[in-house]
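As structure tokens, the structure follows; a few thoughts come after it.
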Amino acid sequence: MANKVTPATGKSTSDGSSSPMLDLMKTYVKSKFSYNAKPLTNAKVTNVQQEHYAYQIDIWTLMECRTKKKINQPYNNETIANEGNRNEWDFDFERPAIDAKTKKTEVRNLDQTRWTNICLKCSGFNRYACSSCKGDGGKPCYHCKIKALTDNGLGSKKPCKYCNDSGVIHCLKCKSTGLVECTSCKGCGKILHYYQLSVKWYTIHSVSYLTNTELPPKIIHKAPDKKSISITDQKWSKTDSIEKYFQTAFASQQKNPPIKLEQLTEDFNKKHVTKAKKNCRIVQMKCEIQKLDVTEVEYESEGFKNKHDPKMGDKFKFYYYGKGKKDQPMIYENDYPMNACGCCGVGCAHHSKLCTIS
Ligand SMILES: [Zn+2]
Ligand SMILES: [Zn+2]
Ligand SMILES: [Zn+2]
């Protein structure tokens, strides 16, 4: 409230009652179905302040998450680079655009991390005893055994169909060898190990508002007269400071009254930094700042009381924030004295033009 008082611009009258600002308010009130224009008839503009602002700050951060997984597979004479185990962030990947709506994932085998071990399952012997025949290659024929026990001496001329009278049933699993190829190393005796890196990208978008007016975020968001004052898209790392970024971005803006940037920093930390899960980093940051010029107008309307703020007495205020799509003045107020009379019921608090209550 400590700002300079600018005389109402345009045709100046001693009492300020025909100021262009008041005309804008009259147009606004006329457009509102439930508003009565009476309080403006003899109203006078008492203060016009132009040092008001409303900024909309859109921020996109590209999150990159890297996870490493150990892969084990039979060794197949792959070359061993012997580069050791590097940090997962040491590898370069092509990043998607920051405003891409779809998530992207890329998986890469880190061949440079390869190493080998003796196969633990077969101890490097390539094979192990067949579990089916316990290494014997077969088992005695059950049917021949039964036949022998129940033989009535007459004998049977038919050979045993199960073992062909050999007395042994051969093991199919190991082809009677008693050994099977090691499934872990596929018979090579060695296991190859390496790391597989999965990289996932997704974008977080946030909108913050900064204003020294009473304009609610929704109004700022919808205001058609915003102007983009800065747009950047840059690489981002832990060492980058968002405070410094905002200081630079707002450097060209008016300093009086000062623009409080702490809220923006806090917003950024809350909506982006803390959202980065384990193994995730912010790798790109895009920011667009839009400015809405706002004029605060205070007017006096004798015989009316400010119910919203009793300290104001018979004074009221509104914010003018440019023109709408149909060239109409964009006004925000929350203390207009005659915006509803209740003539049409509580559910429809509408100030009828015929209403006699004042
Ligand atoms: Zn048999
Ligand atoms: Zn076997
Ligand atoms: Zn093995």
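The values are calculated or read from the model by the stated rules, or taken from the named source; none is laboratory data. Just so we're clear, the structure is a prediction, and the values are computed from it rather than from any experiment. Please note: Cβ atoms are built from the backbone with ideal geometry, for glycine as well, and neighbour counts cover all protein chains shown.
In this structure, Leu215 qualifies as under 22 Å from His52 (Cα atoms), more than 16 Å from ligand 1 (Cβ to nearest atom) and hydrophobic (A, V, I, L, M, F, W, C).
Does segment 161-205 hold any residues that are closer than 30 Å to Asp90 by Cβ and among the polar types (S, T, N, Q), and which are they? Scanning segment 161-205 gives Gln196, Ser198, Thr203.
Would it be correct to say that Ile191 is farther than 30 Å from Glu262 by Cβ, of a type outside the set (Asp, Glu), over 55 Å from the mean Cα position of the chain (by Cα) and part of a strand (DSSP E or B)? No: the conditions fail for Ile191. Take the conditions (1) crowded, with 16+ Cβ neighbours inside 10 Å; (2) part of a strand (DSSP E or B); Ser184 misses just one of them, which is (2). Looking at Ser208, Ser184, Ser176, just one residue is more than 16 Å from ligand 3 (Cβ to nearest atom) and out of contact with any Gly (no Cβ under 9 Å at 6 or more places or on another chain), and that residue is Ser208. Checked against (1) more than 16 Å from ligand 2 (Cβ to nearest atom); (2) in a loop (DSSP other than H, G, I, E, B), Leu110 passes all but condition (2). If you go through segment 95-137 and keep only what is on the phi > 0 side of the Ramachandran plot and in contact with a His (Cβ under 8 Å, 6 or more places away or on another chain), you end up with just Gly137. Within segment 35-64, the set of residues being at pLDDT 90 or above and of a type in the set (Asp, Glu) comprises Asp58, Glu64. Looking at Lys325, Lys286, just one residue is farther than 18 Å from Ser19 by Cα and in a strand (DSSP E or B), and that residue is Lys286. Tell me, yes or no, whether segment 115-125 has at least one residue that is closer than 30 Å to Thr61 by Cα and more than 16 Å from ligand 1 (Cβ to nearest atom). No: segment 115-125 contains no residue that is closer than 30 Å to Thr61 by Cα and more than 16 Å from ligand 1 (Cβ to nearest atom). Answer yes or no as to whether Leu210 is more than 16 Å from ligand 2 (Cβ to nearest atom), assigned to a loop (DSSP other than H, G, I, E, B), at pLDDT 90 or above and surrounded by 15 or more Cβ atoms within 10 Å (Cβ to Cβ). Spelling it out, it is not the case that Leu210 is more than 16 Å from ligand 2 (Cβ to nearest atom), assigned to a loop (DSSP other than H, G, I, E, B), at pLDDT 90 or above and surrounded by 15 or more Cβ atoms within 10 Å (Cβ to Cβ).
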